[in-house]
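Take a look at the structure set out below.
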Amino acid sequence: DQYVVRQAAAAAGAQADLPLGTPRPTAPTRQYYHARTGQPIHPRLLQSGYDSDDEVDEGWRLRRAEVLLDEFEDVTPPEKAFMKLWNRWIFARPIQADRDVPRAVVAFARAHAAEIAGQNLRHNFLLHLFHLWDNSLLAAAHISAALDVVDDEAARPTSEEEP
């Protein structure tokens, strides 16, 4: 411990012994580049917290997928509506691991229960849940939990039905 203290004191003393006006040694500056374009990033942008990775706009991929989905002729409009709803959800909240699928399905059901119930997409949602179950990503309890969320929303009286 005393050796470390002596070394630190010697390093501090060495810098303190510099004559006045002598520039202190600084760390070398580093050039950073945009992640997508490879262009240099100006140092002032870096000081303001700029990050070129924040610029990524992958929304075009979602829009393109929806256009391609609309071109299918053997898929019904409710199936397309559900697929778009699910794809938008997954695009905004990617699932990183299989163990996250049950939580994501229930969160999706909570966020879109009104749309699923209102657009009569429950059957399409159930088919999707069965597909996930067939691929061992969901258990029966997860399917029940997700459907309970949608069914609770469907049972809720609408503003037209309320007295």
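The values are calculated or read from the model by the stated rules, or taken from the named source; none is laboratory data. Please read all numbers here as calculations on a predicted model, not as lab measurements. Please note: Cβ atoms are built from the backbone with ideal geometry, for glycine as well, and neighbour counts cover all protein chains shown. Surface areas here come from the heavy atoms of the whole protein model, side chains and all, with no ligands, DNA or RNA. Shrake-Rupley method; radii C 1.70, N 1.55, O 1.52, S 1.80 Å.
Observations
- Among the residues of region 66-82, those identified as out of contact with any helix residue (DSSP H, G or I) (no Cβ under 6 Å at 6 or more places or on another chain) and not aromatic (Phe, Trp, Tyr) are Val67, Leu68, Asp70, Glu71, Glu73, Asp74, Val75, Thr76, Pro77, Ala81.
- Residue identified as modelled with pLDDT of 95 or more, open to solvent by 60 Å² or more (accessible area, probe 1.4 Å) and within 18 Å of Met83 (Cβ to Cβ) among His123, His142, His128, His112: His123
- Filtered residues of region 43-65 (kept if at pLDDT 80 or above and in a loop (DSSP other than H, G, I, E, B)): none
- Residue check, Val149 open to solvent by less than 60 Å² (accessible area, probe 1.4 Å) and either aromatic (Phe, Trp, Tyr) or touching a residue at least 24 places away in the same chain (Cβ under 8 Å) (or both): yes
- Residue check, His42 open to solvent by 90 Å² or more (accessible area, probe 1.4 Å) and more than 30 Å from Thr29 (Cβ to Cβ): no
- Elements of the type helices (runs of 4 or more DSSP H) sitting completely within region 66-138 and holding at least 3 residues that are more than 25 Å from Ala155 (Cα to Cα) and free of Cβ contacts under 8 Å to residues at least 12 places away in the same chain: these cover 122-134.
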